[in-house]
Amino acid sequence: MNSYPALASRSVLRGPVRVCRLQQDQPVTTMDSPALDVMTDLTRVAAAVVSPATRIDDADRFMMRRGVRMLLVLGDEEVLVGIVTATDLMGERPVTLAQERGLRHSEIVVADVMTPAQRLDAFELEQVRGARVGNVVASLQQHRRHHALVTQADGRGGLEVRGLFSLSQIARQVGTALALPDAADSFAEIEAALAH
């Protein structure tokens, strides 16, 4: 980075200082905006990836450096084997695993706490192209997921992850708080949810 000279800066701001307002010709993201406006497109942004053998403390540090709350977990031949979220890394699952297996926290790896690919929610890119932000939010809330993947055909008869949705990222872009519904409070609610 030494090849870039530092910018000159003001050491003290004096007098009234205002904040720029959004330019009128810039579209504001709303629930009626195209879903693609809130999708992280992996052809434009490098995917944040980790190996299943990565220790969870290292994965957590990597998440913080990248400023993300989810990592794609890639196995052999760069094939998706799951995802791991900040909650997976810092929640109670690692503590329980450490106790059950007699491990130190630092010995737990991503494969121990990740959500396997077979259990992930994904939308097809073609479906997303015609959807609105509100459709994505409703889907995430209905399935009680903070993240969902977007897949497309890879040209070899398989699928590839083209993008992803993050409820927290959508909330930032729309400028409103978005949350998942509360978990089921009773056995009856759990049974009803399982019946669907």
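The values are calculated or read from the model by the stated rules, or taken from the named source; none is laboratory data. It should be emphasised that the depicted structure is a prediction, and the values quoted were computed from it without experimental measurement. Glycine gets a Cβ as well: all are built from the backbone with ideal geometry, and neighbour counts include every protein chain shown. Areas reflect the complete protein model, heavy atoms only, side chains present, ligands, DNA and RNA absent. Shrake-Rupley method; radii C 1.70, N 1.55, O 1.52, S 1.80 Å.
Values as computed for the structure displayed
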| read-out | value |
| --- | --- |
| Accessible area per residue, Å², the stretch 56-172 with all protein chains present, probe 1.4 Å | 58 Å² |
| Debye, to nearest 20: dipole size of the chain, +1 on Lys, Arg Cβ, -1 on Asp, Glu Cβ | 1140 debye |
| At q = 0.13, 0.14, 0.22 Å⁻¹, base-10 log of I(q)/I(0) for the stretch 46-149 (Debye sum, equal scatterers on each alpha carbon) | -0.52, -0.60, -1.18 |
| Mean Cβ neighbour count within 10 Å, used as a protection proxy, ranking 158-167, 87-96 highest first | 158-167, 87-96 |
| Structure-based [θ]222 nm, the chain - -39500 (n - 2.57) summed over DSSP H runs of at least 4, per residue, nearest 500 | -8500 deg cm²/dmol |
| Most positive-pole-ward Cα, Gly102, Thr54, Ser3, against dipole of the chain from beta carbon charges | Ser3 |
| Carbon plus sulfur fraction of accessible area for the stretch 51-196, probe 1.4 Å, in percent | 49 percent |
| For Rg and Dmax of the Cα atoms in Å, calculated from these coordinates, the label among [x] 16.9, 53; [y] 20.5, 64; [z] 16.3, 47 | [y] |
| C-alpha center-to-center spacing [the stretch 130-152, the stretch 52-125] in angstrom | 21 Å |
